[in-house]
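Novice: The structure that follows is given in the form of structure tokens.
Here, each number is a calculation from the coordinates, and none is a lab measurement. Predicted model only: the values in this text are computed from it and were never measured. Cβ placement follows ideal geometry from the backbone for every residue including glycine, while neighbour counts extend to all protein chains displayed.
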Amino acid sequence: MGKLEDYELPDDLYYTTEHSWAKVEGDSVVVGVTDFAQAMAEKIQAVQLPFEGESVEFMKPFGTLESGKWTGKIYAPVSGEVTAFNEGLWDDASLVNNDPYGEGWMVKITPSNLDEDLSKLMKGGTDEFVQWQLAEIERVKKEVEESKKE
């Protein structure tokens, strides 16, 4: 598993610039949000997800994460049909904070354009991804510092 600063970022996943991850498992893609995203959101209190049978589109929002101070969109890393959603998040949204790549997964999707969609994502562990994520960490740190000055 890859780690950048304090954030786990597994090398075997694909990532969006909106901090979603995708893991190909057979004919399906498991989707969640990154360790970095959950850390920035802080304590996740609620998750809104699509139901089985609903369609999602590449890089379009399909759900939301809510913390005490923030609500953010979750973006689909692939287009396709939702075949499962993590019902456990209804009872315990903190699973996203505690285990974003395991028990905190969000949905499973049967992709409609897998190869094309994956070609537009960043692969974990690559120089492109590492450089982008490091820049993103710095960008967020600066935003936090600026907000403290106001």
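Novice: Can you tell me the FRET efficiency between Ser55 and Lys149 if r is taken as the Cβ-Cβ distance and R0 is 41 Å, rounded to the nearest 0.05?
Specialist: 0.40
Novice: Identify which of Thr34, Thr16, Thr126 has the largest mean-square fluctuation in a Gaussian network model of the chain, with springs joining Cα atoms closer than 10 Å.
Specialist: Checking each option, the largest mean-square fluctuation is seen for Thr126.
Novice: From the phi angles alone, apply the Karplus equation (6.51, -1.76, 1.60; θ = phi - 60°) to region 86-101 and give each ³J(HN,Hα) in whole Hz, x where the residue is Gly or Pro.
Specialist: 7, 5, x, 6, 4, 7, 8, 5, 5, 4, 5, 5, 6, 7, x, 9
Novice: Now for a different question. For a quick check: sort Ser79, Ser94 by the number of other beta carbons within 10 angstrom, fewest at the front.
Specialist: Ser94, Ser79
Novice: Once amide H atoms are placed 1.01 Å from N in the peptide plane, what residues at a sequence separation of 5 or more from Leu13, or on another chain, have their amide H within under 5 Å of its amide H?
Specialist: Amide H to amide H, under 5 Å and 5 or more residues apart or across chains, Leu13 pairs with Gly124.
Novice: Here is a follow-up. So which trypsin sites (Lys or Arg not before Pro) in region 1-104 end up in coil per DSSP with only 10 or fewer other C-beta atoms within 10 Å?
Specialist: Lys69
Novice: A further question on this structure: At a Cα cut-off below 18 Å, give the lysines reachable from Lys123, other chains included and same-chain residues fewer than 8 away excluded.
Specialist: Output for Lys123: Lys3, Lys23.
Novice: Tell me, what is the FRET efficiency for Val130 and Trp90 to the nearest 0.05, using R0 = 35 angstrom and their Cβ-Cβ distance as r? It would help to have the intermediate numbers written out before the result.
Specialist: On the way: r = 35 Å, r/R0 = 0.99.
Computed FRET efficiency for Val130 and Trp90 comes out at 0.50.
Novice: Which loop GluC sites (Glu not before Pro) in region 19-66, with loop taken from DSSP, have no more than 11 other Cβ atoms within 10 angstrom of their Cβ? List each step's numbers first, then the result.
Specialist: Details: sites: Glu25, Glu42, Glu52, Glu54, Glu57, Glu66; in loops: Glu42, Glu52, Glu54, Glu57.
Those that pass, being in a loop and sparsely packed, are Glu52.
Novice: Quick check: pseudo-label points 7 Å beyond the Cα along Cα→Cβ at Glu5 and Gln45, how many nm apart are they?
Specialist: It works out to 2.6 nm between the two label points.
Novice: Taking a ≥ b ≥ c as the square roots of the Cα gyration tensor eigenvalues, with a/c under 1.5 meaning rounded and otherwise prolate when a/b beats b/c, else oblate, which class fits region 3-143?
Specialist: Because a/c hits 1.5 or more and a/b fails to exceed b/c, region 3-143 counts as oblate.
Novice: Taking neighbour counts of Cβ atoms within 10 Å as a proxy for exposure, in what order, fewest first, do Val33, Val47 appear?
Specialist: Ordered by Cβ neighbours within 10 Å, fewest first: Val47, Val33.
Novice: Give a residue-ordered list of calculated ³J(HN,Hα) values for region 54-64 (Karplus: 6.51 cos²θ - 1.76 cosθ + 1.60, θ = phi - 60°; whole Hz; x for Gly, Pro).
Specialist: Taking θ as phi minus 60°, the curve returns 7, 8, 10, 10, 3, 6, 10, x, 10, x, 9 Hz for region 54-64.
Novice: Given an 8 Å cut-off on Cα distances and at least 6 residues of separation, report the relative contact order of the chain as a percent.
Specialist: Relative contact order for the chain comes out at 26 percent.
Novice: Run the helix sum for the chain: -39,500 (n - 2.57) per DSSP H stretch of 4+ residues, divided by residue count, reported at 222 nm to the nearest 500 deg cm²/dmol.
Specialist: Computed mean residue ellipticity for the chain: -8000 deg cm²/dmol.
Novice: Rounded to the nearest 20 Debye, what is the dipole magnitude of region 110-150 about its Cα centre when Lys and Arg each give +1 and Asp and Glu each give -1 at the C-beta?
Specialist: 200 debye
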